[in-house]
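Here is the structure we will look at.
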Amino acid sequence: MENGESVSARTALENAAKATLALLSEVSQREARREASLDQQLQSLRQEVGQFRRDVASIVDGAGARIASDAKDALSPAAIEYDHAVSATARQLKQTGGLMWMWLGGATVLLGLVLMACWAVLGYYRRELAAVQEELERYEDAAPVVRAFYASDAVVCGGRICSNEDPKGQHVGEKRQYRQARPRP
């Protein structure tokens with residue numbers, strides 16, 4: 001029995017091995033067909049991409065030329081009108097150029113006259129200011145004399161100063177001929 005079982009187990013193993021080989025063969029064939037199909041699809045896709053690029057390039061080239069042509073047609077009237085406007089403006093500028101130079105010359109002469117008048121007024125006020133400064137300096141120099149006169153017991157008599165001399169006062173001058181006046185009471 002062991003032999004019978006061993007034969008039947010062997011037969012089952014052989015059948016299983018044949019089935020496995022058949023299945024493996026079928027899987028390999030399917031894989032090969034799938035790979036071939038994928039290669040075909042990839043090749044087809046490459047061809048379609050190439051055709052698409054050629055189509056897009058022809059569209060873009062044609063569109064660029066057409067856009068340039070349309071832009072030229074649309075801008076030509078505006079360019080002609082612009083040329084006419086620039087020419088007219090240039091003529092007007094040439095005509096008014098002489099008048100402009102005359103106005104500029106007049107404005108320059110007027111400015112020169114105004115500057116000369118300002119310079120004369122400035123000179124006058126400088127002289128007046130110098131005279132007033134001299135007078136102010138004289139007053140500032142006379143201020144100590146006036147203060148001394150009011151501090152002393154003195155009066156103006158006959159265009160001169162008369163003072164009540166202090167016998168104890170200081171003697172001043174080169175020969176000590178002057179004596180200090182008494183303070184005002």
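Among the cysteines of the chain, those with no neighbouring cysteine Cβ under 4.7 Å are Cys118. Modelled label positions at Cys162 and Gln41, each set 7 Å beyond Cα in the direction of Cβ, lie 14.5 nm from each other. The portion of the accessible surface of segment 124-178 made up by carbon and sulfur, rounded to a whole percent, is 53 (1.4 Å probe; DNA, RNA and ligands excluded).
Annotation: per residue accessible area for segment 1-159 equals 90 Å², rounded to a whole number [probe 1.4 Å, protein chains only]. Count charges around Ala78 for me, please; just the other residues with Cβ under 14 Å from its Cβ, Lys/Arg as +1, Asp/Glu as -1. Net charge in that neighbourhood comes out at -3.
One quarter of the convex hull surface built on the alpha carbon atoms of segment 99-185 amounts to 10.5 nm², the projected area averaged over directions. Taking every Cα-Cα distance in segment 1-82 and sorting them into 5 Å bins from zero, the calculated P(r) comes out as 3, 11, 8, 7, 6, 7, 6, 6, 5, 5, 5, 5, 4, 4, 3, 3, 3, 2, 2, 2, 1, 1, 0, 0 percent. Residues whose amide H falls under 5 Å from that of Asp153, counting only those 5 or more places apart or on a different chain, are Asn164, Arg182, Arg184, with hydrogens built in the peptide plane.
Legend: calculated FRET efficiency, Asp153 to Arg176, from the Cβ-Cβ distance at R0 = 35 Å, rounded to 0.05, equals 0.95. Between Leu13 and Gln133, the simple label model (points 7 Å from Cα in the Cβ direction) yields a spacing of 13.6 nm.
With n ≥ 4 as the cut-off for DSSP H runs, can you work out [θ] at 222 nm for the chain, using -39500 (n - 2.57) per run divided by the number of residues, rounded to the nearest 500?
Only helices count here, giving -31500 deg cm²/dmol.
So if I take the centroid of the Cα atoms in segment 126-148 and the same for segment 50-81, what is the distance between those two points in Å? Using only Cα atoms to place each centre, the spacing works out to 92 Å. Take the alpha carbon gyration tensor of the chain, find the square roots of its eigenvalues, order them as a ≥ b ≥ c, and report rounded if a/c is under 1.5; if not, report prolate when a/b exceeds b/c, else oblate. Judged from the Cα gyration tensor, the chain comes out oblate (a/c at least 1.5, b/c at or above a/b).
Between 0 and 90 degrees, rounded to the nearest ten: what's the tilt of helix 2-151 against the longest Cα principal axis of the chain? Once rounded, the angle reads 10 degrees.
The values are calculated or read from the model by the stated rules, or taken from the named source; none is laboratory data. Note that the structure is predicted; figures quoted are calculated from it, not measured. We place every Cβ from the backbone using ideal geometry, glycine too, and count neighbours over all the protein chains shown. With ligands, DNA and RNA removed, areas are computed over all heavy atoms of the protein, side chains included. Shrake-Rupley method; radii C 1.70, N 1.55, O 1.52, S 1.80 Å.
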